[in-house]
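Visitor: Here's a structure for you.
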Amino acid sequence: MGRGMTPEQLKSIQRKLRDGFPEDMSLRVHRAISWLQRAAAEKDDHDVAFILLWVAFNACYADDEGGFSSSRERDKSKVWFEKALRLDDEAMVHDAVWTKFNGPIRKLLGNPYVFQPYWNDRNGIPGYENWQDSFDGAKVVAKRSLDSQNTATLLSIVFNRLNVLRNQLIHGGATWNSQVNREQVKEGRMILAFLLPCFIEIMMNNPHEDWGKPFYPVVGL
């Protein structure tokens, strides 16, 4: 399979191979492609497209309702990314992170408005008064990951920031089509739109890996 696949190409391959897929993995891929197709049809609405792409990512990844809010979940996400990278024979994800999206990723990591402790302090939650120190510390970790090309750690950090953006949109913390957060929404959409087909392709190339049990399986009526 080649990089840069469209949702339709992924769906065509999924139809050919799905009889050999384990049930849990097959359900993940089927759901992810369905949301990816819907996101691709959303040409101009970056807010809606970003949300649809995040749902597609959750279809690939999530096995509970934890999200990226806890350190345990971030550790789990890093393990998932490490597995995907290990199985990525064409280095699609690695190349995207270090070439195609290097600039947008650096800007995202330098943006305090997608750093949750900043908002916790703004909302008066005790214990986050020193958010700037945490932000600076996170930038140091991100820089080390950038310098050493530690792709799994960097992806975990990037998706943590994208999750803050996701929360702003899903929980009514942003205005639809607002000019205030346009740049991070557009760039977040581009990052997800490129990486998700790669993740799905990796999963289909490695169907018998343990990709986790979907938290909401299909239940017969």
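Visitor: First compute the accessible area of region 104-161 with a 1.4 Å probe, then give the percent of it belonging to carbon and sulfur atoms.
Guide: Ligands and nucleic acids excluded, carbon and sulfur reach 49 percent.
Visitor: Name the most mobile residue of V29, V55, V79, meaning the one with the largest mean-square fluctuation, in a Gaussian network model of the chain with Cα contacts below 10 Å.
Guide: Highest fluctuation among the options: V79.
Visitor: Largest first and in whole Å, give the semi-axes of the chain's equivalent ellipsoid, each being the square root of 5 times a Cα gyration tensor eigenvalue.
Guide: In descending order, the three semi-axes are 29, 19, 18 Å.
Visitor: Compute the helix-to-body angle for 182-205: its Cα long axis versus the longest principal axis of the chain, expressed 0 to 90° and rounded to tens.
Guide: Roughly 30 degrees between the two axes.
Visitor: Which residue, G172, G110, G188, has the most motion in a Gaussian network model of the chain that connects Cα atoms within less than 10 Å?
Guide: Of G172, G110, G188, the most mobile in the Gaussian network model is G172.
Visitor: Just need the relative contact order of the chain here, percent rounded to a whole number, with Cα pairs under 8 Å and 6+ apart.
Guide: 38 percent
Visitor: Here's something else I'd like to know. Between exposed trypsin sites (Lys or Arg not before Pro) in the chain, where DSSP calls loop and at most 15 other Cβ atoms lie within 10 Å, what's the longest gap?
Guide: The answer is 44-221.
Visitor: How are the alpha carbon pair distances in region 142-221 distributed across 10 Å bins from zero to the largest one, expressed in percent?
Guide: Histogram of Cα-Cα distances, whole percents per bin: 14, 31, 35, 18, 2, 0.
Visitor: Can you give the FRET efficiency for K16 and D63, using 1/(1 + (r/R0)^6), R0 = 25 Å, r = Cβ-Cβ distance, to the nearest 0.05? Working shown, then result.
Guide: Numbers: r = 27 Å, r/R0 = 1.06.
Efficiency at R0 = 25 Å is approximately 0.40.
Visitor: In the Gaussian network model of the chain, springs joining C-alpha atoms below 10 Å, which of A32, A59, A41 carries the largest mean-square fluctuation?
Guide: Looking only at A32, A59, A41, the largest GNM fluctuation is found for A41.
Visitor: Leaving out ligands and nucleic acids, and using a 1.4 Å probe, what accessible area per residue does the chain come to in Å²?
Guide: In whole numbers, the chain has 52 Å² accessible per residue.
Visitor: Express the relative contact order of region 77-166 as a whole percentage, based on alpha carbon pairs under 8 Å and six or more residues apart in sequence.
Guide: Details: 58 pairs, mean separation 34.4, N = 90.
The value is 38 percent.
Visitor: In addition: Taking only the Cα atoms of region 93-198, how large is their convex hull per residue, in Å³?
Guide: On the way: hull volume 10.5 nm³, N = 106.
Hull volume over Cα atoms, normalised by residue count, gives 99 Å³.
The values are calculated or read from the model by the stated rules, or taken from the named source; none is laboratory data. None of the values given here were measured: they were computed from a predicted structure. Positions of Cβ are backbone-derived with ideal geometry, glycine not excepted, and every protein chain shown enters the neighbour counts. Heavy atoms of the whole protein, side chains included, go into the accessibility calculation; ligands, DNA and RNA do not. Shrake-Rupley method; radii C 1.70, N 1.55, O 1.52, S 1.80 Å.
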